[in-house]
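**Student:** Structure below; questions to follow.
No lab work stands behind these numbers, since they all come straight from the coordinates. Quick caveat, the model's predicted, so the values are computed rather than measured. Positions of Cβ are generated from backbone atoms using ideal geometry, with glycine treated the same way; all protein chains shown enter the neighbour counts.
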Amino acid sequence: MDGHEHSAHPAHLAHHFSEPAQQAESAKMGMWLFLLTEVLLFGGLFVAYTVFPAWNPDMFFNAHKHLNVYLGTLNTFVLISSSVTMALAIRSIQLDRRDVSIRYLVVTLLLAAAFLVVKYFEYSHKIHLGQLPGKFYTFTGIEGTNPHVFFSVYFAMTGLHGVHVLAGMSVIGWVLMRTRRGELSSEYYTPMEMTGLYWHLVDMIWIFLFPLLYLIG
Amino acid sequence: MHMSQQNKTNTPHVLPLQVYLGTAAALFVLTVVTVMVSFVDLGGWNIVVALAVASVKAAAVGLIFMHLWFDRKVFLVIFLAGIVFLTIFIGLTMLDTMRRGDIYQISADPIHKNAAMYDTTAVTTDTIPAAADSTHSAANEK
Amino acid sequence: MNTIPEKNFLNATRGWKSWLFTLDHKRIGVLYLFSIMAAFLVGGVFAILIRLELLGPGRNLMEADTYNQVFTLHGAIMIFLFIIPSIPAALGNFLLPQMIGAKDVAFPRLNLASWWVYILGSIFAVISIAMGSVDTGWTFYTPYATETQTSVISMTLGVFILGFSSIFTGLNFIVTIHKMRLPGQTWFRMPLFVWGLYATAIIQVLATPVLGITMVLLILERVAGIGIFDPAMGGDPVLYQHFFWFYSHPAVYIMILPGMGIISELISTFSKKRIFGYTAIAYSSLAIAFISFLVWGHHMFVSGQSQLAATIFSFLTFLVGIPSGIKIFNWLATMYKGRITFETPMLYALSFLFLFTIGGLTGIFLGALAVDIHLHDTYFVVAHFHYVMVGGTVMAFLGGIHYWWPKIWGRMYSEFWAKIAAAFVFVGFNMTFFTQFILGSQGMPRRYYTYMDQYQPLHAFSSVGSWVMAVGFIIMGVYLFHSIKRGRPAGNNPWGALTLEWETTSPPPTENFVETPKFSHGPYDYDKNVPERTI
């Protein structure tokens, strides 16, 4: 540890950084780069998404009608709301309103859970009907060639997104614990800010998934 | 103790509550709009409108909730880089997937034989033909 | 009389835990160095086995199925476990903070995580080998990769995990370079090795996630039969190739860009001359990084992709040669009227100039659509990529190893044996691979277990070349390891170079510099000051 800093050396400042601003900005840049990798990861699935509907426009149109637009819309509202509460949680800690921040985090978690519950109902309905990806597909009500391709794409994209919702929930939970322990404040709230960025990206991806899967023309 | 130029940052920018609530309201309204538009048949334009609305919503989340509008530009550049390269990926891949059948048209076209070597008219090699000599004008078979 | 500093990063703390759980970027660099050297050894053994099998037609050492596994493992191990991490993770980790006057990288724990993830990914690769390994070629093309009974899943899982290691390194380097330079060290006063690492890191962050999703989709295809690459189920096997090469083409620039960065350092130091065209070299690194994402379809000219796509990819491929060409000209111009000395690192740099030019040029040949129709999947391609990967990256890596070895260990190796080894490696390499250009243009296909008699003399010659190369590497291993404990102490600056790492001790202390350095001169200001060599 270097002892020749003449201003207070905050406990959260790592030894290889010279000041908190450098550390905070570095964390933010690192998180944005990580989000960039997530964009490219989901991007691969978006490529599959553009290629297959372009080859089978009628089948995709017919297949998508079997998705429940109302549940999809509900989930969109739920996830957007969770983004709002996450942003407000960060705003509250910026203003040192720790208890308010904690409450917003809890609501965010509940909304995320609600999203997964709705997805659970959607998935179990499809499993029940045999609308499954690839070789597990047994449903017979959709016109067009290879209707299972739509469900392969649907489960791959919403499944990967769901995994990210779960991961996001764990991270939010961890940040919640740290806030309750008093480790975050207006002076240092980087972990919550970074979690927020991640959560907003999860929301953004759903903002695109929703029309592409549920609202095809 | 050194203060590096590259680490200047604003003191944390606390946005007013109205900005968050206003953005949230806009997102809800746009969601309703996009669902309602999907019930109207616009043909090929449905997907365009849906993606346009989604892009506006995503921009709102990115610029306001994720603070890209208020932070240093480098973070916006990083995010947009992802979009740019994703576009390259999708675009060049579709150049392949959407134009696979072209080769059948190309190989179905007859071969154009304009080169002199295909000219089957008898040629005398000891005299140079006069300029106006019609035997060697380009007798184009098609 | 040089001495090894009593307290340095190697002995500051003791015990295996202090190494396996270290946060010191230099120790992480050393951990990576030993790991990739082990991977190179394993991949090299597979290479020798390939060349032994190909000494003559028919069965020599193994059955055809085994041969398929051997070349697959040679490729997968060399690419994913050796060459992609090599320069950034082993040398970059060690040097980057020192070159910018920092105490460590931006995220030391992420750095340690990247090594542990590398080890985890390697374990999966080893499991795959133990469980019947893979015989698809390192490219895992569908439909064969979906159907073969070999253990594809553990290998693709291994590759998926290794991808994260690469992403963590790239992410760390980008933030470190943006945020942790010394005051006064502006972008255009950084060493060019740092520019090389920066451009590489950008590719790592952008391209590797696509490899990730490709491996996931391949696993889903095998396990769940989702049908995305299966024509019988409405899928498309060529789509797999788009996904795979969108990463794997930029990946080859992940391999070469750090090497080019090293060459800039070596040419400048051993010509004692300011690098010619610094700005052009810096921008060309970024240009290569960008254009590398536009050309992946040149691996797919005969796969059935559309005529239009093939034509456009061929055209774009020619563009990517331009920035590389600019670098070669600039390095040559740097040497012109320099005070050139021929120590081992410089020998490797000169080898690079010659061999990479051949490799790059033959890449342009292959980029011409009409030519590639004939040369695709022949030994011409094998020769091309070995010239760029071995003649390029590995030569640069070896040059870097020999250049920075005294900084890492504080001790110098035997220059005599180093030159002998370099000669064996250079001669052996050309024997092995130049022959393959000829084989390929005569029609010898790649990945073939046997061949017609007319190819036998060249194949045999190529195999002998592989033994000559192996001798070179064995000699290298011996004198390098010997020098760790027994070499002459090298002092701070054995080469008289100007970049910041040479201002601290060899080996450096844990915090890199006893006092934070002041940025006072550019990395190539040899016209203003030539530092004295300490050995």
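**Student:** Give me a single rounded figure for C:307-317: the average over its residues of other chain Cβ atoms within 10 Å of their Cβ.
**Tutor:** 3
**Student:** Which value in Å is the Kirkwood Rh of the range C:148-294 over different Cα pairs?
**Tutor:** With all distinct Cα pairs of the range C:148-294 included, I get 17.2 Å.
**Student:** Shifting gears a bit: In the range C:16-503, what is the volume of the convex hull around the alpha carbon atoms, normalised per residue and reported in Å³?
**Tutor:** Normalising the Cα hull of the range C:16-503 by residue number yields 141 Å³.
**Student:** Here's a follow-up. How are the alpha carbon pair distances in the protein assembly as shown distributed across 20 Å bins from zero to the largest one, expressed in percent?
**Tutor:** Using 20 Å bins, I get a P(r) of 13, 42, 33, 10, 1, 0 for the protein assembly as shown.
**Student:** Within chain A, which DSSP H helices have Cα atoms that stretch 20 Å or more along the helix axis and a mean Kyte-Doolittle hydropathy of at least -1.0?
**Tutor:** A:20-55, A:69-94, A:98-129, A:148-180, A:190-214
**Student:** Another one. Please list the non-local residues whose amide H lies under 5 Å from the amide H of residue C:274, H modeled 1.01 Å from N, same-chain partners needing a gap of 5 or more.
**Tutor:** Here the answer is C:526, C:527, since their amide H atoms fall under 5 Å of that of residue C:274.
**Student:** When all alpha-carbon pairs of the range C:1-64 are counted, what percent fall beyond 19 Å?
**Tutor:** 58 percent
**Student:** Now a separate question. Tell me, what ³J(HN,Hα) does each residue in the range C:132-149 have, in order and in whole Hz, if you take phi through Karplus 6.51 cos²θ - 1.76 cosθ + 1.60 with θ = phi - 60° and put x for Gly and Pro?
**Tutor:** x, 6, 10, 10, 8, x, 5, 8, 6, 4, 7, x, 4, 5, 6, 9, 4, 7
**Student:** Report, to two decimal places, the Cα Rg of the range A:75-154 normalised by 2.2 N^0.38 Å (N = number of residues). Don't jump to the answer; show the numbers that get you there.
**Tutor:** Working: Rg = 19.1 Å, N = 80, 2.2 N^0.38 = 11.6 Å.
Compactness ratio reported: 1.64.
**Student:** Could you work out how far apart the two model spin labels at residue C:515 and residue A:186 are, taking each label as a point 7 Å from the Cα in the direction of the beta carbon, and quote it in nm?
**Tutor:** Rounded to a tenth, the inter-label distance reads 4.0 nm.
**Student:** Give me the aspartates and glutamates in straight-line cross-link reach of residue C:7: C-alpha distance below 19 Å, same-chain residues under 8 apart excluded.
**Tutor:** Excluding near neighbours in sequence, the set is A:2, C:24, C:104, C:501, C:503, C:511, C:515.
**Student:** Among C:23, C:366, which comes first, then next, by fewest other beta-carbon atoms within 10 Å?
**Tutor:** Ordered from fewest to most neighbouring Cβ atoms within 10 Å, C:23, C:366 come out as C:23, C:366.
**Student:** With a cut-off of 14 Å, note down the residues of the range C:333-362 whose backbone N falls inside the zone around a label point 7 Å from the Cα of residue C:488 toward its beta carbon.
**Tutor:** Under cut-off, by backbone N: C:343-344.
**Student:** Less than 21 Å apart at the alpha-carbon level, and either on another chain or at least 8 residues along: which lysines does that give for residue B:57?
**Tutor:** Once the sequence-local lysines are set aside, what remains near residue B:57 is B:73.
**Student:** Distance between Cα centroids, the range C:304-342 to the range C:1-60: provide it in whole Å.
**Tutor:** If you average the Cα positions of each part, the centres end up 31 Å apart.
**Student:** Another question, if that's okay. Averaging over every viewing direction, what projected area does the convex hull of the Cα atoms of the range C:72-130 cover, in nm²?
**Tutor:** Averaging across all directions leaves 4.2 nm² for the Cα convex hull.
**Student:** Also, quick follow-up: Residue A:167 versus residue C:332, label points 7 Å from Cα toward the beta carbon: distance in nm?
**Tutor:** Roughly 4.7 nm, to one decimal.
**Student:** Quick query: amide H of residue C:378 versus all other amide H atoms, modeled in the peptide plane; which residues come in under 5 Å with a sequence gap of 5 or more or a different chain?
**Tutor:** Close amide H contacts, sequence-distant or interchain: C:446.
**Student:** Right, here's the next one. Calculate, for residue C:116 and residue B:52, the FRET efficiency according to 1/(1 + (r/R0)^6) with r their C-beta to C-beta distance and R0 56 Å; round to the nearest 0.05.
**Tutor:** Values: r = 44 Å, r/R0 = 0.79.
Once the sixth-power term is evaluated, E becomes 0.80.
**Student:** Take every residue in peptide A:146-156, count the Cβ atoms of other chains within 10 Å of its Cβ, and give the average of those counts.
**Tutor:** Whole-number average of other-chain Cβ neighbours for A:146-156 is 4.
**Student:** In sequence order, what are the phi-derived ³J(HN,Hα) couplings for the range C:296-305 according to the Karplus relation 6.51 cos²θ - 1.76 cosθ + 1.60 with θ = phi - 60°, rounded to whole Hz, with x for glycine and proline?
**Tutor:** Each residue's phi maps through the Karplus curve to give 4, x, 6, 8, 10, 4, 10, 8, x, 6 Hz.
**Student:** On average over all directions, what projected area in square nanometres does the range C:72-209 have, based on the convex hull of its Cα atoms?
**Tutor:** With the hull built on Cα positions only, its mean projection is 8.3 nm².
**Student:** Given H placed on each backbone N at 1.01 Å, which residues far from residue C:488 in sequence or on other chains put an amide H within less than 5 Å of it?
**Tutor:** HN-HN under 5 Å from residue C:488: C:412.
**Student:** Among C:151-160, A:118-127, C:97-106, how do they line up by average Cβ neighbours within 10 Å per residue, starting with the highest?
**Tutor:** Highest mean packing first, the order is C:97-106, C:151-160, A:118-127.
**Student:** Sorted by average packing, counted as other Cβ atoms within 10 angstrom per residue and highest first, what order do C:526-535, C:163-172, C:179-188, C:249-258 take?
**Tutor:** Highest mean packing first, the order is C:163-172, C:249-258, C:179-188, C:526-535.
**Student:** Same structure again: Could you give the radius of gyration (one decimal) and Dmax (whole number) of the Cα atoms in the range B:15-71, in Å?
**Tutor:** 13.3, 41
**Student:** Sticking with this structure for a sec: Only helices at least 24 Å long along their axis, Cα-based, and averaging 0.0 or more on Kyte-Doolittle count here, so list those DSSP H runs from chain C.
**Tutor:** C:25-53, C:108-130, C:152-179, C:192-224, C:237-271, C:307-335, C:344-367, C:415-441, C:456-486
**Student:** Right, something else. Only Cα pairs within less than 10 Å get springs; with that Gaussian network setup on chain A, which residue of A:117, A:51, A:175 has the largest fluctuation?
**Tutor:** Highest fluctuation among the options: A:51.
**Student:** While we're looking at this one, here's another question. Give the average, rounded to an integer, of partner chain Cβ atoms located within 10 angstrom of each Cβ in A:74-81.
**Tutor:** Numbers: counts 0, 0, 8, 4, 0, 1, 10, 3.
The mean count of partner-chain Cβ atoms within 10 Å per residue comes to 3.
**Student:** Taking the Cα-to-Cβ direction at residue C:530 and at residue A:174 and moving 7 Å from each Cα, how far apart do the two end points lie in nm?
**Tutor:** 5.4 nm
**Student:** Further question on the same structure: Ranked by Cβ crowding within 10 angstrom, fewest neighbours first, how are B:69, C:467 ordered?
**Tutor:** Ranking B:69, C:467 by Cβ neighbours within 10 Å, fewest first, gives B:69, C:467.
**Student:** Now a separate question. Sorted from largest to smallest, which semi-axis lengths in Å does the alpha carbon gyration tensor of the range A:26-214 give for its equivalent ellipsoid, taking the root of 5 times each eigenvalue?
**Tutor:** For the range A:26-214, the ellipsoid semi-axes come out as 36, 17, 12 Å.
**Student:** Related question: Taking the beta-carbon count within 10 Å as an exposure proxy, list B:38, A:185 from fewest neighbours to most.
**Tutor:** With the fewest neighbours first, B:38, A:185 line up as A:185, B:38.
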